[in-house]
Structures are given as C-alpha cells and as structure tokens.
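Data block below; observations after.
Every number in this text was worked out from the coordinates using simple rules, so none of it is lab data. Since we're looking at a predicted model, the values are computed, not measured. Note: ideal-geometry Cβ built from the backbone for every residue, glycine included; neighbour counts use all protein chains shown.
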Amino acid sequence: IQGEIEKALKTINGRKAVSIHASGRTDAGVHALNQKAHFDLNMNITPEKLRKALNSLLPNDIYIKDIELVDEDFHARFNVKAKEYIYIINMGEYDPIKKDYIYQCCKKLDVVEMERALKYLEGTHDFKSFTKTTNEKNDYVRTIVQTNLIRDIKNVNEIIISFLGTGFMRYQVRNMIGVLLEIGEGKRKSEEIISILEARDRRRAGKTANPEGLYLKDVLY
C-alpha cells in the first residue's frame, strides 16, 4: 500500500520521489479503515485536489478518504496518542463472501465469559506474553484504555471486539484475541488472563488469531 501511494505521489510530483510515513504497519491480511500517514510535498495544490488526483491513480483496493495540512513538526507515528483496533468474528455458518474480511469461527462462543476476560486486559500491564519477543526489546508495558464486545442486533452470529490503547506491539491484538477465543470455547477461564500477564511468557498465551478479522479502526492524535 505504501509503495502504491508513493508511486502515485511521484506521478503527481513531476516524477520526483515522495516518501510517506504511516502511523505504523499492519500484518499481512489485516485491514485498515482509517490508517494515517504524513508526507512532504513541495507543490501548489489544494488538499482536496490532491486527494482526487491520488484516488484516480491508485488501484481500486486503496482509497484516500481525507487529506489535510499539518505543522511541519507533525509525525504520523511519533505523535500518536492512541489507536483503536477491532476484530470481527462470525459464530454462524461459514460465509465464503466474507472469508477475507471476518474470522470464520463458525461455532457458538461464551461471549459473557469473553467480556469478563476483556476487563482483565484493561489498564497498564506488561504484555510480554502477548507479543513476539526479541533480544533487542525490553519494554513490553502498554496501556489499554478501553475494551468492548459488541453484539450485532441484526446478525446475532457476529461479534466485534474492540481495543483502544496508547500503543500495541506486533501481534499483540491477535494474540489477545487468540486467548479470548479459547475462553469463549470453554478451554480457559477468564481469570487466567491475570496469570498469563504475570508470566511474561509468550508460550502461556496460546495461538495467534487469524489476520483477516482484524482492522485498524482509527488513529488518534
């Protein structure tokens, strides 16, 4: 996506290269509803004309929703105050139309127990058990401000789990969802979240959830 946008900007900018800097990267197969990025462009064009020009050049699975001018010291990654992710789960019959856009669990989950588990994840914790650990990284403390489990009134088989936090590490959300799915299936109890966090051991958190149900919903500054 970054490469395609930079290619379009280069065309608009008279074949001069333009680098974009996103708020962060998403894993392969993960979607972004409101990804944010910044770039420097030294030409006389209004934000709306630039948006239309970009969309006319981009492939049809990428769309620029809005462009605005920002201060020169603004950085799309380093100025982030919070991010919101959502994960969509289908508990009903397999849906091939949505196979790339929703996790096909295809079984009933204990959503009440999952809601209890979510509350243990809120607050400031060391999330080492929920991320890919490396020798270079020594800070795994993050703050999850709010979580929600939303049930679709029109589609009782679909649930949406949301996380609002000050920052997330690689695979963190998908690993948290992996444990929540096990809790929903009755394989774990909600209070096990406490011991998993305390263990600071990736092996305690179980499998990483599939990417297709995950969306970066918003980036807040």
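Only Lys, Arg, Asp and Glu carry charge here, each on its Cβ (+1 for the first two, -1 for the last two); on that basis the stretch 177-221 has a dipole of about 180 debye about its Cα centre. Taking 13 Å as the cut-off, the amide N atoms of the stretch 55-90 that come nearer than this to a point 7 Å along the Cα-to-beta-carbon line of ASN34 belong to 65-66, 81-86. Using just its DSSP H runs of length 4 or more, each adding -39500 (n - 2.57), the chain gives a mean residue ellipticity at 222 nm of -7500 deg cm²/dmol after division by all residues. Projecting label points 7 angstrom from Cα along Cα→Cβ for TYR140 and ALA82 puts them 2.5 nm apart. Summing charges over neighbours of ASP218, with a neighbour being any other residue whose Cβ is under 10 Å away from its Cβ, gives +2 when K and R count +1 and D and E count -1. The alpha carbon gyration tensor of the stretch 32-100 gives principal lengths a ≥ b ≥ c with a/c of 1.5 or higher and a/b no greater than b/c, which makes the shape oblate.
Pairs exceeding a 26 Å alpha-carbon distance, out of LYS16/LYS81; LYS128/LYS217; LYS36/LYS207; LYS119/LYS217: LYS16/LYS81; LYS36/LYS207. Between LEU58 and TYR221, the FRET efficiency estimated from the beta carbon spacing at R0 = 22 angstrom works out to 0.40. Each Lys or Arg adds one and each Asp or Glu subtracts one; over the other residues with Cβ under 13 Å from the Cβ of TYR101, this totals -3. Each principal axis of the Cα cloud of the chain was taken in turn, and the coordinate range along them, longest first, works out to 59, 42, 26 Å. Here the simple spin-label model places points 7 Å from the Cα toward Cβ, and for SER195 and GLU72 these points are separated by 5.7 nm.
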